[in-house]
1. Being more than 12 Å from Pro122 (Cα to Cα) and among the polar types (S, T, N, Q) is the filter here; which residues of region 47-73 pass it?
2. In this structure, is Ala36 assigned to a loop (DSSP other than H, G, I, E, B) and either surrounded by fewer than 18 Cβ atoms within 10 Å (Cβ to Cβ) or touching an Asp or Glu at 6+ places or on another chain (Cβ under 8 Å) (or both)?
3. Taking the conditions exactly as written (in a loop (DSSP other than H, G, I, E, B), farther than 25 Å from Gln131 by Cβ and modelled with pLDDT of 80 or more), does Ala53 satisfy them or not?
4. How about region 79-103: which of its residues are within 16 Å of the chain's Cα centre (by Cα) and β-branched (Val, Ile, Thr)?
5. If a residue must be part of a strand (DSSP E or B) and surrounded by 14 or more Cβ atoms within 10 Å (Cβ to Cβ), how many such residues does region 79-116 contain?
6. Which one is nearest to Glu37 (Cα to Cα), of the residues in region 57-78 that are in a strand (DSSP E or B) and of a type in the set (S, T, N, Q)?
Amino acid sequence: MSFPRFGMLALAIALTGCASGPKFADQEASTPKLGAEQGRVYFYRTNSMLGAAIQPQVSLDGAAVGKSQPGGYFYVDTKAGNHEAATSTEVSNKLSFVIDKGETKYVRTKTSMGLMVGHVVPELVGADEAQKEIATLSYTGAAKAN
């Protein structure tokens, strides 16, 4: 196989792993209001070719709530208090945080190099930075309550 054909094939495979769906700006208008006793956690992953094929489950407090997909986001409404977000490839990566009633948190899942496979690491991001990054991402799931 020639290099140009190989390159096109590699690009096609990488792009099939990217999220598709309504963009944040379009979806946000129809997002339900947050319950009085709950907080909201947005999980997102920017669109990067690095590790595009690695799309592990994201869990919140041990329950699967979505997948870490390049160019995608989803959210979970949950009770106020202590929480743990986690992803797992060849190793588990965890993030502990506290959310208050009516509060919104943003968790970016970011790829990093691993020994055998890349890792997807959850990290808290400030609202200003997250809203800039999430604006062009695609919605990848139904709202979930935890």
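The values are calculated or read from the model by the stated rules, or taken from the named source; none is laboratory data. Since the structure is predicted, the reported quantities are computational estimates derived from the model, not experimental observations. Neighbour counts are summed over all protein chains in view; Cβ atoms, including those assigned to glycine, are modelled from backbone coordinates with ideal geometry.
1. Scanning region 47-73 gives Asn47, Ser48, Gln55, Gln69.
2. yes
3. Here the answer is yes, as Ala53 does meet what is asked.
4. Matches in region 79-103: Thr87, Thr89.
5. The qualifying residues number 18.
6. Thr78
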